[in-house]
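Enquirer: First the structure, which I've put down as structure tokens, then a few questions once you've had a look.
The values are calculated or read from the model by the stated rules, or taken from the named source; none is laboratory data. Here the structure is a predicted model, which means the values were calculated and not measured. Cβ coordinates were reconstructed from backbone atoms using ideal geometry, including for glycine residues, and neighbour counts include every protein chain displayed. Protein only, heavy atoms only, side chains kept; ligands, DNA and RNA dropped before computing areas. Shrake-Rupley method; radii C 1.70, N 1.55, O 1.52, S 1.80 Å.
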Amino acid sequence: MRNKTSEKLLKCVDDILSSLEMFRNFKGNSYISAKINNLCSDNMAVLEECADGVENKEYLELLDKFKESVSKINLEDAAGISKRLKELISESVIYKVVFMPYKASMWDSLESIWMAANKDERCETLVVPITYYELDSNQDKKNKINERDLFPEYVNTINDEEYDLENDLPDIIYIHNPYDNTNLVTRVDSRYYSWNLKKYCEKLVYVPYYKWVDDVSSASFKSAMYYADYTVQSSDDAVKRCIEASPDLGLETIVVRKAMEKKLINLGSPEVDKVLSLSKDNVPMPDDWEGKVIKSRVNVVYNTTIDEIFESRTFDKVKETLNFFKKNSEKAFVIWRPHPLMKQTLTSMLPNLVDEYDELMNEFITGDYGVLDANSSMHYAMFWSDMYYGYKTSSMTELYKYTGKIVLEDAPKLTNFVSKRSAESLLNELKESNVVSEPDYSLENIVDIIASNNELKDGKHLNLENSGSKINNYMLEKLCQEDEN
């Protein structure tokens, strides 16, 4: 039964006990006694009407005994029976948990929570992909989009236009869009702004769609972080720096900080859960990679970010990197994943680099030393590659570390350098840590070492607690605590 139904039943039990006590005090007054008797009958009828929601034989037996003790006006027996009756009612509560993602490509930020809740007998789950709009330069709505059809087949989604949120009143709503009316490129329908969602649920929970990188990620405050009951972060550094970034909001700074200290919690990252779950079954090799991404070579994900291009203001490092793969195609193969908004960003912010980028892209596509990864999901490249090469500010760099395979952090401005470390010393270090950086290591160093030590392709096994289960249990415990209070 839903939590609100259980609250109604618990109140009925308490009202009946109170009525019996009143009956004792006014048993000489026929008018009041009749009123009390009607009140008991009405409450008992509700308990019997909702008996199916408990689905417990013990409940039905106790209800009969409770009814009998009430009819005999035996307050002591009724009070004794009511304790176990109320326990059974509380144990039968089913919490409605609704997930409201807007981008299918960001579903991994919520998926493991949904999986945990979906298996939890205490929960009834729904996934409701919500409508959003692409905006023009004047921030007017241009295209109306709903990505429901892009979600994995095993996720049973429902149409947001058919979902009656206002009457369903879920116990928990999870979101991964924190911008409300402040995003300048895309914007969710106003019905799904965090302050509106909060009206219709007990707990609104915001889970970021990116993986925080300690000491690197920029802390910024989004409106949903204020209206949500909780914002789930993946590290203590993220919690600390986001609290520090909380704006005044018209209140005393200390008041805002104290509020954020309760809302911001480190419960891990569902995106890490997703990385740890990758297998041939859930990330089959893309058709256009067949026969190219092969075990006899070292397959390298090369993630090119907007940040590193803005830092270097040139494509020299990218050219050098791709040229390495072109010259060493027998032992190395590149899965190149440039940021999907690279072209648009260059056009707007660095127009002098657009032609160079187009030439670089055309040369790569016509070559045979790599594949262009334009998949909306990064997980294909993460699973089928043997190592990673990219800038440390990228969320993908952080997530790839959890594959246990080698991560080489790129120094964007550093070109034509040679590491002077011995192969033996490099190998010993790689056995200790799977994350290394330029200039201590070069791409050529790492490729050579992996090519000579095939076991490094498998990566280190990481045994980590599932964040989705942790988050689901935490939120349910918070609800239960409030019910008891």
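Enquirer: Toward the positive end of the charge dipole of the chain, about the Cα centre and with charges on Cβ (Lys, Arg +1; Asp, Glu -1), which of GLN481, SER433, VAL354 goes farthest?
Expert: GLN481
Enquirer: Show me the ranking of peptides 433-439, 93-99, 291-297, 474-480 by mean Cβ neighbours inside 10 Å, starting with the highest.
Expert: Most protected by this proxy first, the peptides run 93-99, 474-480, 433-439, 291-297.
Enquirer: Also, quick follow-up: Counting Lys and Arg as +1 and Asp and Glu as -1, each charge on the Cβ, what is the dipole of the chain about the Cα centre in debye, to the nearest 20?
Expert: About 620 debye.
Enquirer: What does the charge dipole of region 89-221 about its Cα centre add up to, to the nearest 20 debye, if the Cβ of each Lys and Arg holds +1 and the Cβ of each Asp and Glu holds -1?
Expert: Magnitude of the dipole: close to 320 debye.
Enquirer: Something else: Once amide H atoms are built 1.01 Å from N in the peptide plane, which residues 5 or more positions from ILE94, or in another chain, come under 5 Å H to H?
Expert: Close amide H contacts, sequence-distant or interchain: ARG2, ASN3.
Enquirer: When ranked by the protection proxy of mean other Cβ atoms within 10 Å per residue, highest first, what sequence do the peptides 368-381, 393-406 form?
Expert: 393-406, 368-381
Enquirer: Hey, another quick one. Just to confirm my numbers, what's the Cα centroid distance between region 293-308 and region 173-201 in Å?
Expert: Each part reduced to its Cα centre gives a spacing of 35 Å.
Enquirer: With θ set to phi - 60° and the Karplus curve 6.51 cos²θ - 1.76 cosθ + 1.60, what are the ³J(HN,Hα) couplings of region 326-339 in order, to the nearest whole Hz, using x for Gly and Pro?
Expert: 4, 7, 10, 5, 6, 10, 9, 9, 9, 9, 8, 10, x, 4
Enquirer: Residue by residue, what Karplus-based ³J(HN,Hα) values in Hz, rounded to whole numbers, does region 86-97 have, using 6.51, -1.76 and 1.60 with θ = phi - 60° and x for Gly and Pro?
Expert: Here the 3J(HN,Hα) series is 5, 4, 5, 5, 5, 5, 8, 5, 10, 8, 7, 10 Hz.
Enquirer: Shifting gears a bit: Please report the equivalent ellipsoid semi-axes of region 333-427, computed as sqrt(5 x eigenvalue) of the Cα gyration tensor, largest first, in whole Å.
Expert: Those come to 25, 18, 15 Å.
Enquirer: Please give the solvent-accessible surface of SER105 in Å², to the nearest 10, using a probe radius of 1.4 Å with every protein chain present.
Expert: So the heavy atoms of SER105 present about 60 Å² to solvent.
Enquirer: Round to the nearest 10 and give me the degree value, 0 to 90, for the angle of helix 57-71's Cα axis relative to the longest principal axis of the chain.
Expert: 30
Enquirer: Here's another thing I want to ask about it. Just to be sure I understand, if you calculate Rg and Dmax of the Cα atoms in Å for this structure, which of (1) 29.2, 103; (2) 21.6, 66; (3) 23.2, 76 do you get?
Expert: Only one option fits the structure, namely (1).
Enquirer: Using C-alpha positions alone, give me the convex hull volume of region 37-116 per residue in cubic angstrom.
Expert: With only Cα atoms used, region 37-116 gives 120 Å³ per residue.
Enquirer: Positive end of the charge dipole of the chain (Lys, Arg +1 and Asp, Glu -1 on Cβ, about the Cα centre): tell me which of TYR226, TYR402, ASN466 has its Cα farthest that way.
Expert: Towards the positive end, the residue furthest out is TYR226.
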